[in-house]
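Asker: This structure is in structure tokens; I'll ask about it shortly.
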Amino acid sequence: MMRALFASLLLVSLSACGLQPMYSGGSQGVVAQGMGAIEVSPIEGRAGWLVRNALRDRLGAAPKQSTRYRLVVRLDDRLEGLGVLGDDTISRERRILRARFQLVDLTDGNIMLDATAGSDAGIDIVSSEYATIAAEQTALENLSQEVADRIMTQVALTLRAQS
């Protein structure tokens, strides 16, 4: 009896904290409907292709309807040498992927969101050039996924705040 009373009091106190599910309403909710109405503009380069595909994958879960929003993304992809050995060779690199993005409401042209997202990864430089290039490409693929996740989180929060 005491456990049931305690559990019900706990549930009541949680509802008072103001937390709400991001995707309440399922596919008919405000966020899911908004995500389904987003078109991702083409993004330059290999990193742009990877990020755009990752964004489209995340938007693809919602049922598609007419386009109401456009997501415009500009990327900055850089490799920096970090560790320099005594013979002036680089032993470690850092790959940095930064995105500046805008969510534009196509009905009135207003910019609903103007933000940045980014991530970086460390890469060891080894004697095999092939292995180093493969590590750089793998880092770019992983960073593209992470940046897309960060963009989608900010877009979802913006759409939720609009409701």
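The values are calculated or read from the model by the stated rules, or taken from the named source; none is laboratory data. Because the structure is a prediction, the values reported are computed rather than measured. Note: ideal-geometry Cβ built from the backbone for every residue, glycine included; neighbour counts use all protein chains shown.
Asker: Report, by residue number, each residue of segment 2-60 that is surrounded by 14 or more Cβ atoms within 10 Å (Cβ to Cβ), of a type in the set (Gly, Ala, Ser) and modelled with pLDDT of 90 or more.
Answerer: Of everything in segment 2-60, those that are surrounded by 14 or more Cβ atoms within 10 Å (Cβ to Cβ), of a type in the set (Gly, Ala, Ser) and modelled with pLDDT of 90 or more turn out to be SER41, ALA47, GLY48, ALA54.
Asker: I've got another one for you. Which numbered condition trips up GLN145, out of (1) assigned to a helix (DSSP H, G or I); (2) over 15 Å from LEU55 (Cα atoms); (3) of a type in the set (S, T, N, Q); (4) in contact with a helix residue (DSSP H, G or I) (Cβ under 9 Å, 6 or more places away or on another chain)?
Answerer: Against the list (1) assigned to a helix (DSSP H, G or I); (2) over 15 Å from LEU55 (Cα atoms); (3) of a type in the set (S, T, N, Q); (4) in contact with a helix residue (DSSP H, G or I) (Cβ under 9 Å, 6 or more places away or on another chain), GLN145 comes up short only on (2).
Asker: I would also like to ask the following. What single numbered condition from (1) closer than 19 Å to PRO42 by Cβ; (2) assigned to a helix (DSSP H, G or I) fails to hold for THR153?
Answerer: Condition not satisfied by THR153: (1).
Asker: Which members of segment 64-106 meet the condition of being among the hydroxyl-bearing types (Ser, Thr, Tyr), in a loop (DSSP other than H, G, I, E, B) and either at pLDDT 90 or above or farther than 20 Å from VAL31 by Cβ (or both)? Break it down into steps so the answer makes sense when it comes.
Answerer: To start, the set of residues in segment 64-106 that are among the hydroxyl-bearing types (Ser, Thr, Tyr) comprises 66-67, 69, 89, 91.
Then keep just the ones that are in a loop (DSSP other than H, G, I, E, B); that gives 66-67, 89.
Within segment 64-106, THR89 is the sole residue that qualifies.
Asker: Look at ALA131 and say whether it is farther than 22 Å from MET35 by Cα and touching a strand residue (DSSP E or B) at 6+ places or on another chain (Cβ under 6 Å).
Answerer: It is false that ALA131 is farther than 22 Å from MET35 by Cα and touching a strand residue (DSSP E or B) at 6+ places or on another chain (Cβ under 6 Å).
Asker: Next question. Search segment 103-147 for residues being free of Cβ contacts under 8 Å to residues at least 24 places away in the same chain and under 17 Å from the mean Cα position of the chain (by Cα), and hand back the single one that is surrounded by the fewest Cβ atoms within 10 Å (Cβ to Cβ).
Answerer: Filtering segment 103-147 for residues that are free of Cβ contacts under 8 Å to residues at least 24 places away in the same chain and under 17 Å from the mean Cα position of the chain (by Cα), the one surrounded by the fewest Cβ atoms within 10 Å (Cβ to Cβ) comes out as ASP114.
Asker: Which one of these does ALA161 not meet: (1) modelled with pLDDT of 90 or more; (2) more than 25 Å from PRO42 (Cα to Cα); (3) part of a helix (DSSP H, G or I)?
Answerer: Every condition holds for ALA161 apart from (1).
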